[in-house]
Protein chains: 2
Amino acid sequence: MREKETSGSVLRKRTLITRGSPQQVLVFGFALLVAVGTLLLCLPISIAEGHTLSFHNALFTATSAASVTGLVVVDTGTTFSYFGQAVLLLLIQAGGIGFMTLTTMIALMIGKKISFRERLVLKESLNQNSTEGIVRLIRKVILYSLVIEAAGTVLLALHWMEEMPPGKALYHGLFHAVSIFNNSGFDIIGGFAPYVGDFYFNVVSIVLIFLGSVGFIVLSDLIDYPKNRKLSLHSKVVLSFSGVLIAVGAVIIFIFEFTNAASTGALTVAEKLLSSLFQSTSLRSSGTSTLDIQSLRQATQFFMVIMMFIGASPGSTGGGIKVTTFAIMTAAFVTMVRGKQDVDLFRSRISKDLVYKAITVMFVGLFIVVSATIILSFSENQPFLTVLYETTSAFGTVGFSAGLTSQLTVFGKTVMILLMFAGRLGPFTIALALQSKAKKDLYRYPEGKIILG
Amino acid sequence: MREKETSGSVLRKRTLITRGSPQQVLVFGFALLVAVGTLLLCLPISIAEGHTLSFHNALFTATSAASVTGLVVVDTGTTFSYFGQAVLLLLIQAGGIGFMTLTTMIALMIGKKISFRERLVLKESLNQNSTEGIVRLIRKVILYSLVIEAAGTVLLALHWMEEMPPGKALYHGLFHAVSIFNNSGFDIIGGFAPYVGDFYFNVVSIVLIFLGSVGFIVLSDLIDYPKNRKLSLHSKVVLSFSGVLIAVGAVIIFIFEFTNAASTGALTVAEKLLSSLFQSTSLRSSGTSTLDIQSLRQATQFFMVIMMFIGASPGSTGGGIKVTTFAIMTAAFVTMVRGKQDVDLFRSRISKDLVYKAITVMFVGLFIVVSATIILSFSENQPFLTVLYETTSAFGTVGFSAGLTSQLTVFGKTVMILLMFAGRLGPFTIALALQSKAKKDLYRYPEGKIILG
Ligand SMILES: [K+]
Ligand SMILES: [K+]
């Protein structure tokens, strides 16, 4: 009871101070984070000796870090000092776990404004007592995130100690554990290509990426699983669809690149499998790669565009239209093919409102990616697929590059900065920001028919 | 009353003979048409002197004609004799008006299996007395189609008489009036590039293309408009969304190509406007072009891909996911942004079933285009956008070529043949063919929530 009041008053105070909707707080806070990050990166103390950084590149890097995208215009490991790298790590932590906490809070807070029946549905579907206990939930997940990051740090540092001094290995372990768990795509070792066949590194990274990309609710559900022995509907949907997407992605990459000498062609079959699985896990949000994206086949790159567009889970460190949006659209498709009336997922009915929202999220996502692709097709002198790949990667805050980012004009960089910003906010938040005050429908029009096909 | 019985017994007999669903009749009839066309084109009498035609190219051409696509692997004007061109014209007529009649009949026949209330909705929304009067409706629209084609023949022949002998002008007028009204994309004069600034030709063609692409129901509605003074919901949606898409397309093409010396750059502003409007009208299905598609900018080509995917109207001579599907998705987007409960179009409520069906149609369309694009990215050694352009053009039975069709491997031609076939059937018919017997929902699952963004 005390918990509930505390949580309530904190939320009320925050809203009073900013006099804005939660979405506006999100946009404003995110912009502030990028601004502070840019200023800090512009300080001489952030730059390694013998290097320089333009304001535009500082802004690009800060946005890329705060949006946990990982597209880079300068090499992170050599351009930045330890101080600069620490700034990046804080931006990644704030933009990853911090943002993830905030968006989940907003999603759960919706429970405050809805009817009692809907609140029950929300409680049942998310295993959460709606706004009650939000503060406790958040405290718990931040704690566990830090524990996962700490474990990752140790596991990676132990591995790197074999090839570098302990202090450096620990630093590398810390940087990359935080970077990989937050799906940031940043690294300070010039890429992970040398680790393409390293089983230990691959497995640790896959687990870190996966835990970061499933999102807050699922993480909390997984943590409580040994106690509760049940998963929420939301977690079931996220875990099953993510699992299928990862498996399909791994198989496709494995087959498509099997004979490509420039990528996995020269590897053993076991290494091919490992790198395909790693790439597929990393694909929908992380951006950590052991392969050279530019050398992948066109068909593989196009397939990756689709997966990057789908993206990770809501309230996670990842972007895209989200795996739940994809799940609902798939379920609507199955509904029609099976000749049923209701859209069902795991023996739960998905309301038509949620389906319409999924359409909206997809629409907003498509509009952003298509517009940016058309604009950059004009401004940057590059093949179409290279442009499409990069815009989708930025929108999905993935960070894989097919070669455009390193060649961007100043105008092109500006478009990409806006894309990463919009991508981290996500199409749902953007759609909500577009939304006018919900009006109660006072009347219904009579039903009308249109022919479809 | 007599009319009703006649119509009913005709339909019952057809179903008895084939012992199949209307969709299966459609697929079988279409396949038969392609087969007969291929055999006829393989006859020596079909080929012009000094030319040859492989079986594969005959199959490709017959499919392209019967599906009113217009992608060509040989030059129609020089390769085929008058007999061969007559075969093509009959294939185009059967695949255009014939197929359009059949699909509309199926859409209206749905009225036979549904409840009285739903039948009333259908009647009101389509201005049609459901299955009653179907035969009369079809007789009327075929008659008017032939009248439009005859008028087009005269108008075009008169124009061509200025530059060729009357007999040849009349033949050219007939071939192109039928070809353009059916949105077939075929021509026997080696392309319409010389007519890019020809105001008369452009206006006549735009009217023919538009009337052919709006579909049966709208055509019938337009014909009855002077008498009824009202349009059905279906017609309102088709006409308004087609109008907006044509206008937006014209503006985008006008702007994007303004300074492109290889396309409209050298034209006067009036000619630029005219060719942009022509191209935009032709874009979503016709495939008749006064510009060289290959010389258009990447951004323009990508924009065209989206428009070709959306396509023309249901029950028309065009393809794509259909403008009504796009309209419903747009309306669902607007619903959510306005914070409303129902999807409305022109003061009519669109049922959730129809919205789910629209999602299904889009899903099937995306799946077909994406799969074909990935396959042809492997088999054909071409830039990605060239492949994507061609697969979308074939799926939308548009017929514009960015250069791939003339370079296709035999395997690639096979994929394109299947694409044109599937494109003419349309994603809705394919989705219906996938559908299992509609089961009455005997239970509903409790509602569940998932987080989207
Ligand atoms: K990333
Ligand atoms: K066509």
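The values are calculated or read from the model by the stated rules, or taken from the named source; none is laboratory data. Note that this is a predicted model, so its numbers are computed, not measured. Positions of Cβ are generated from backbone atoms using ideal geometry, with glycine treated the same way; all protein chains shown enter the neighbour counts. In case anyone asks, the SASA skips ligands and DNA or RNA and just uses the protein heavy atoms, side chains included. Shrake-Rupley method; radii C 1.70, N 1.55, O 1.52, S 1.80 Å.
The two copies B and A are related by a rotation, and the chain B beta carbon nearest its axis, with distance in whole angstrom, is B:352, 2.
Across the cross-link table entries A:236/A:352; A:352/B:230; A:352/B:322; B:236/B:340, which are compared at the Cα atoms, the separations over 25 Å belong to A:352/B:230.
Residues with beta-carbon under 14 Å from that of residue B:243, excluding residue B:243: net charge, scoring Lys, Arg +1 and Asp, Glu -1? List each step's numbers first, then the result.
Working: positive: B:236, B:284; negative: none.
Counting the neighbours of residue B:243, the net charge comes to +2.
Loop-located chymotrypsin sites (Phe, Trp or Tyr not before Pro) across the range A:29-77 with a Cβ neighbour count of 16 or fewer within 10 Å are lacking, with loop assigned by DSSP.
To the nearest 10, the accessible area of residue B:263 is 20 Å² with a 1.4 Å probe.
Between residue A:366 and residue B:270, the distance separating the two model label sites (each 7 Å from Cα on the Cα→Cβ line) works out to 3.9 nm.
Using a simple spin-label model with pseudo-atoms 7 Å out from Cα toward Cβ, residue A:347 and residue A:136 lie 2.8 nm apart.
In the complete set of protein chains, residue-level accessible area for residue A:277 is approximately 70 Å², probe 1.4 angstrom. The accessible area of residue B:401, taken with all protein chains in place and a 1.4 Å probe, comes to roughly 40 Å². Show that you can apply the helix-only estimate: for the protein assembly as shown, add -39,500 (n - 2.57) for every DSSP H stretch of four or more residues, divide by all residues, and state [θ] at 222 nm to the nearest 500. Counting only the DSSP helices, I get -21000 deg cm²/dmol.
Taking the charge dipole of chain A about its Cα centre, with +1 at Lys and Arg Cβ atoms and -1 at Asp and Glu Cβ atoms, the residue from A:409, A:360, A:35 reaching farthest to the positive side is A:360. Helix A:116-126 and the long axis of chain A differ in direction by around 30°, with both axes built from C-alpha atoms.
Of interest is the spacing of the C-alpha centroids, which for the range B:208-237 and the range A:297-354 amounts to 36 Å.
Taking the Cα centre of chain A as origin and assigning +1 to Lys and Arg Cβ atoms and -1 to Asp and Glu Cβ atoms, the resulting dipole is close to 2440 debye. Each Lys and Arg contributes +1 and each Asp and Glu -1, all at the Cβ; summed about the Cα centre of the range A:202-293, the dipole is approximately 400 debye.
Enter the mean number of other protein chain beta carbons within 10 Å of the beta carbon of each residue in A:300-311, as an integer. Before the final figure, lay out each step's value.
Details: counts 3, 2, 7, 4, 0, 2, 3, 0, 0, 0, 0, 0.
Mean partner shielding for this stretch: 2.
In chain B, Cα pairs under 8 Å separated by at least six residues give a relative contact order of 17 percent.
Counting Lys and Arg as +1 and Asp and Glu as -1, each charge on the Cβ, what is the dipole of the protein assembly as shown about the Cα centre in debye, to the nearest 20?
On the way: 72 positive and 48 negative charges, 971 e Å.
That gives a dipole near 4660 debye.
Selection among A:167, A:428, A:206 by position relative to the dipole of the protein assembly as shown gives A:428 as farthest towards the positive end (Cβ unit charges, Cα centre). Evaluate peptide A:327-334: per residue, the Cβ atoms of other protein chains within 10 Å of its Cβ; return the mean as an integer. Per residue, the average neighbour count from other chains is 5. Scanning chain A for GluC sites (Glu not before Pro) lying in DSSP loops with no more than 16 further Cβ atoms inside 10 Å, the longest uninterrupted stretch between such sites is A:164-453. Among the chymotrypsin sites (Phe, Trp or Tyr not before Pro) within the range A:352-453, those in coil by DSSP and having at most 12 neighbouring Cβ atoms inside 10 Å are A:443.
Report the local net charge at residue B:274: Lys and Arg +1, Asp and Glu -1, summed over other residues whose C-beta lies under 14 Å from its C-beta.
Details: positive: B:272; negative: B:198, B:257, B:271.
Net of charged neighbours comes to -2.
In the range A:2-434, taking the dipole from charged Cβ atoms about the Cα centre, the farthest positive-side position among A:197, A:50, A:179 is held by A:179.
Model label points for residue B:162 and residue A:162, set 7 angstrom from Cα along the Cα-to-Cβ axis, are 8.1 nm apart. Residue by residue, the range A:316-329 carries 3J(HN,Hα) couplings of 10, 8, x, x, x, 7, 5, 5, 6, 4, 4, 4, 5, 5 Hz when phi is fed to the Karplus relation 6.51 cos²θ - 1.76 cosθ + 1.60 (θ = phi - 60°); x denotes Gly or Pro. When residue B:227 is represented by a point 7 angstrom out along its Cα-to-C-beta vector, the spacings to that point in the other copies are 7.4 nm, nearest first. Once you sort the root eigenvalues of the Cα gyration tensor of the range B:2-434 as a ≥ b ≥ c, which label holds: rounded (a/c under 1.5), prolate (a/b larger than b/c) or oblate (the other case)? Because its axes are fairly even, with a/c under 1.5, the range B:2-434 counts as rounded.
In whole angstrom, how far apart do the alpha carbon centroids of the range B:245-262 and the range B:52-88 sit? Rounded to whole Å, the Cα centres lie 31 Å apart.
With loop membership from DSSP and a limit of 12 other Cβ atoms within 10 Å, the longest segment of chain A without trypsin sites (Lys or Arg not before Pro) is A:20-228.
Near residue B:323, once Lys and Arg are set to +1 and Asp and Glu to -1 for all other residues with Cβ below 13 Å from its Cβ, the sum equals +3.
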